[in-house]
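Below is one structure, written out as C-alpha cells; comments come after it.
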Amino acid sequence: MFAYIARQAIYDLEKQVYAYELLFRDGVSNCFPDISPDEATSNMIANSHLTMGVEDITLNKHAFINFHQNTLLYRFPSTLDPLNVVVEIVETVEVDSELLKACEHIRNLGYRIALDDYDFAPRWEPLIELCNFIKIEAELIENANLKQLKKIRELKDKGIKLVAEKVETLEQFQKYKTMGFDLFQGYFLARPEVVKHKSLDAALTSIIELVGISTSPDFDINKVNDVIEKDVGLSFKLMRFINNPTFNKRNKIESLSHALKYMGSVELKKFIALLALANLKGEKPEDLITLSLIRAKFCALMSLAANQKDNPPNSFILGLFSYLDALLDQPMESLMPKLPVSDVIKDALLNPKSVSKLANQLRLCRAFELADWENIEKLSTTIELDTEELYEMHYTAMKWTNDVKNSF
C-alpha cells in the first residue's frame with residue numbers, strides 16, 4: 001500500500017525514546033496518505049515485500065502520525081490501534097465546527113491528539129481543549145515573548161505534554177527541559193558533548209585490540225581466540241550472541257573455538273565491531289546504539305547489493321561507528337587516530353566532500369533518518385541502486401536491529 005515509512009524519534013526527559021513520528025513518502029508533507037478507510041489497516045504496509053507493521057517500525061513505542069483535514073473528516077483509519085497511535089494534526093488544517101466534531105469523535109474512540117507546529121495563534125484555542133500533546137518548534141521557543149512564555153506555562157498547567165521540535169543542540173535540550181517541556185524531537189542526541197572529553201577507558205583495551213585484529217589484512221582467528229579466552233565477559237557475550245536463534249537456528253555452540261570457527265571471519269569481524277560499540281556506549285541513550293546498528297546493517301546490505309567486497313566488512317563498520325563522536329563525546333577527528341579502522345572508513349567519516357562509495361552510503365543513512373525523499377532519489381542514482389530496493393533494505397536493517405539488540 002505504502003512504498004515507504006520513515007521514523008524520527010521523540011525523546012523523554014531522560015533522552016530515552018518515548019515515541020516515533022512516522023513519515024510517509026506517499027503522503028503529502030509526509031502525512032498519512034489520503035486513501036479509503038478500508039485500505040488503511042493497522043499493519044499499514046500491504047506490499048508483499050514490506051512486511052513490517054507499525055509495532056515493528058516503532059519497537060512498540062507510541063506512533064505519532066500526521067493527518068490532513070480531509071483524512072480526519074472523511075477517511076480516518078479507525079483500524080489503527082488507539083493504544084499505540086497519536087493522531088497529529090498538521091498546521092494547515094482549518095479549525096471549524098466540522099473539524100472539532102471529527103476530533104471529538106477521534107478522542108472518543110480512545111486516540112490521543114497532538115497539534116503540530118503550534119504558533120500561539122488564537123485560531124487554535126478551540127482545538128487545544130482536545131489536545132494531549134502540543135508541538136512547538138525550537139526557533140519559536142527561542143524567540144518567544146513574555147505573553148507566549150506565559151501561554152506555554154498555561155498549557156503545561158492544563159496537563160498537556162509539551163513537545164519541543166527541531167532541537168539541534170544539547171544546550172537547547174537542557175534549556176527547554178528547564179522551561180517545562182516534556183518531550184523533544186531533533187538531532188541533538190547525535191551531537192557530542194565535547195566539554196566532557198571522555199577518554200577511552202583502559203578496561204576497553206581488549207576490545208580495541210580485537211578491532212585492530214579484525215581490520216588487519218592478515219586476519220588471524222587464533223589471535224582473536226587468545227584475546228577472548230582471557231576475558232570471561234567477552235567469552236560469555238560471544239556464546240550468547242552465537243546461540244541467538246536469529247543467527248543460529250540449528251547448532252548448539254558449546255565451546256569458544258567452535259563458536260569462532262562456526263561464525264567464519266566476516267561474521268566474527270562484525271561481532272567484534274558490535275561488541276566494541278556495546279562496550280563504548282557507557283551511560284549514553286540506547287537510541288544511539290539503535291541508530292548505529294540500523295546504519296551498520298543498511299550499509300552492509302547496500303555493499304552486498306552493489307557487489308562490493310565485504311571482507312573486511314568496511315560498510316558495516318562504517319555504519320556502526322558513525323555515531324562514535326556522540327557516544328564518546330569527542331570530535332570524530334580526534335577519535336579516528338585512536339581506532340584501528342581502515343583509511344576508507346576514516347575518509348567517509350571525516351571528509352564531508354568525499355565521493356567514495358562508503359561516503360555515499362553514509363549520506364543515504366542520513367537521508368533516510370531525515371525522510372529526505374528527494375536526496376534518497378539522487379543518491380540511489382549515484383550508487384546505482386533502485387530506490388525500492390533501498391527502502392526494503394532499510395526495513396530489513398530495522399528488523400535486524402530489533403533482533404540483534406536482544407543479544408547485547
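What follows is calculated from the coordinates using simple rules that are stated; it is not laboratory data. Source: prediction; values computed, not measured. Here the Cβ is made from the backbone with ideal geometry for all residues, glycine too, and neighbour counts use every protein chain on show.
Rounded to the nearest 0.05, what FRET efficiency is calculated for Thr178 and Asp226 with R0 set to 41 Å and r the Cβ-Cβ distance? So the FRET efficiency works out to roughly 0.20. Extension gain for Phe120 to Gln308 (0.36 nm times residue separation, less C-alpha to C-alpha distance): 62.4 nm. Here the calculated FRET efficiency for Thr382 and Tyr187, from their Cβ-Cβ distance with R0 = 30 Å, stands at 0.80, rounded to the nearest 0.05. Cα centroids of region 370-408 and region 77-142: how far apart, whole angstrom? Rounded to whole Å, the Cα centres lie 31 Å apart. This ranking places Asp218, Asp325, Asp182 by how few other beta-carbon atoms lie within 10 Å of each, fewest first, which gives Asp218, Asp182, Asp325. 3J(HN,Hα) along region 168-175, derived from phi through the Karplus expression 6.51 cos²θ - 1.76 cosθ + 1.60 where θ = phi - 60°, amounts to 9, 10, 5, 5, 4, 4, 5, 5 Hz, with x in place of Gly and Pro.
Once the C-beta distance of Tyr74 and Val355 is scaled by a Förster radius of 45 Å, the resulting FRET efficiency is 0.40 to the nearest 0.05.
The slack in the chain from Glu104 to Phe219, taken as 0.36 nm per residue of separation less the alpha-carbon distance, amounts to 35.0 nm. Taking the number of Cβ atoms within 10 Å of each Cβ as an exposure proxy, the fewest-first ranking of Tyr395, Tyr118 is Tyr395, Tyr118. Cα-Cα over 29 Å: which of Lys270/Lys353; Lys147/Lys177; Lys175/Lys405; Lys158/Lys399; Lys147/Lys175; Lys15/Lys156? Those over the limit are Lys175/Lys405; Lys158/Lys399.
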